[in-house]
Amino acid sequence: MAKRKRMKKGIKTIFVLIILICLITGGLLIYNNYFKSDTEPVSSEIEKLMQEANISKDKYSKTLEFVLLNNIYDESYLDEYSDIEFQDRDDFATILTTFLPLGYSSKEINYITKLSENNIDKLSKIDYVDISNYYEFSNFDVNKIDRYNSYYEDNDYSYKDVITYVNINLDLPVYTDTTEVADPNDLLVLVNKYHYLPDGYKPSDLAYLPGAYGNNVPMREVIVEPFKELQAAAKEEIGVNFMPTTAFRDYNFQRTLYNNYVASDGVTAADTYSARPGYSEHQTGLSIDLKNTAISGSTRLTDENYEWLSNNAYRFGFIIRFPEDKTNITGYQFENWHIRYVGLDAAKIIYEEDLTLEEYIDLYVTEY
Ligand SMILES: [Zn+2]
């Protein structure tokens, strides 16, 4: 027994020693990598260059070494160099020679190196601006910085939200600064009060849903199958027949619809629930308005029906396009019956992250 105990003790000691050795070696490696090599000249060549430029040894940094070796050293930025994190990238010299003279501090240059190439390029073409509140967000667009700043001043939103909201144009009046959508056939096409469809657009692949609950309503062929699956799931899981009341609507139909609403309610009210012609998502053939066939009258879905729809539509590539708590973003009042096809991947993210299509496109599709 005693022998075994001693042996155990011996193994334990060896084990502890190995761990200690590992810790010491690791520590030394980290020290060398992060501290030593960055605070002392590594070669006599650099030492010589530093002497020639009258730079004291304690000013050494990897960035200083870089500017000396690349012949872009400027003594007025000597103190900045030591605080700029060296980056092994092709445009590092350009970043230094562009942004130091524009008045950016070393701290700000460290921010700038985290921006997209596109943003760096845009920033290089304008006078100094303070980007500290925005640089960390991937959807930050340098060209919109003035709009971000004034939207932040005028509202009670975080910088993160300000960026998204300005990117989707919420700081601009609706139906004024509008853009024609580039590809109306794209499954992720965004049609709203800032984006309209090309003149006379009509999808070339309109199809009809077969069966008793198809209702002879045309929609893009690509959404027929997913919608049939959604219908079948609703029937099986909650015993409800969701029938499409309208899906694709052409320009002229939308014009009549909208004008009738304006005639009875006025423009301001009509704009909250009906799209102007050319600005309706229904014209894409990717949206469907639903009705529970068991309900008569003007109510389309019960709260329970909507509960199921809002939690399950994404399984078939659909989203609730105008949710209750997002009216400030979509520009439309809550519609529990209007679903929009965006494909499985986008629908899942939009559902899980509680986004609107506008936010999804800004955060996941647009490159800044
Ligand atoms: Zn609708």
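Is any residue of the stretch 61-80 close enough, with backbone N under 19 Å, to a label point placed 7 angstrom from the Cα of Glu52 along the Cα-Cβ axis, and if so, which? Under cut-off, by backbone N: 61-78. Sorted on the mean count of surrounding Cβ atoms within 10 Å across their residues, most packed first, peptides 281-289, 75-83, 134-142 read 281-289, 134-142, 75-83. Our summary gives the stretch 114-167 a relative contact order of 36 percent, counting only alpha carbon pairs under 8 angstrom and 6 or more residues apart. Here the spin labels are modelled as points 7 Å beyond Cα on the Cα-Cβ line, and at Lys235 and Glu352 they lie 3.0 nm apart. Taking every C-alpha pair closer than 8 Å and separated by at least 6 residues, the mean separation divided by the residue count of the chain gives a relative contact order of 11 percent.
Which entries in Lys144/Lys291; Lys202/Lys228; Lys122/Lys160; Lys48/Lys122; Lys59/Lys122; Lys62/Lys122 show an alpha-carbon gap greater than 30 Å?
Values: Lys144/Lys291 42 Å; Lys202/Lys228 22 Å; Lys122/Lys160 20 Å; Lys48/Lys122 38 Å; Lys59/Lys122 32 Å; Lys62/Lys122 27 Å.
Cα-Cα > 30 Å for Lys144/Lys291; Lys48/Lys122; Lys59/Lys122; rest within.
Rounded, prolate or oblate for the stretch 179-365? Axes are the square roots of the Cα gyration tensor eigenvalues, ordered a ≥ b ≥ c, and the cut-off for rounded is a/c under 1.5. Display every interim value, and only then the final one.
Working: a/c = 1.31, a/b = 1.20, b/c = 1.09.
Note, shape of the stretch 179-365 comes out rounded.
Net charge near Gln333, counting Lys/Arg +1 and Asp/Glu -1 over other residues with Cβ under 11 Å of its Cβ? All intermediate terms of the calculation are to be shown ahead of the outcome.
On the way: positive: Lys326; negative: Asp271, Glu324, Glu335.
Once all neighbours under 11 Å are counted, the net charge is -2.
Can you figure out the FRET efficiency of Glu304 with Asn71, using R₀ = 51 Å and their beta-carbon distance, to the nearest 0.05?
Numbers: r = 73 Å, r/R0 = 1.42.
Approximately 0.10, to the nearest 0.05.
Ordered from longest to shortest, the equivalent ellipsoid semi-axes for the stretch 125-208 are 32, 13, 12 Å, each the square root of 5 times a Cα gyration tensor eigenvalue. Shape analysis of the chain yields a ratio of the Cα radius of gyration to the Kirkwood radius, Rg/Rh, of 1.19.
Subtracting the Cα-Cα distance of Ser132 and Asn259 from 0.36 nm times their residue separation leaves 41.0 nm of extension gain. Amide H contacts of Thr293 (H built 1.01 Å from N, in plane; Pro and chain starts excluded): Asn241, Met243 sit under 5 Å, all sequence-distant by 5 or more or on other chains.
Each reported figure results from applying straightforward, stated rules to the coordinates on display, with no laboratory input. In this text the structure is predicted, and so the values were computed from the model without any measurement. Neighbour counts are summed over all protein chains in view; Cβ atoms, including those assigned to glycine, are modelled from backbone coordinates with ideal geometry.
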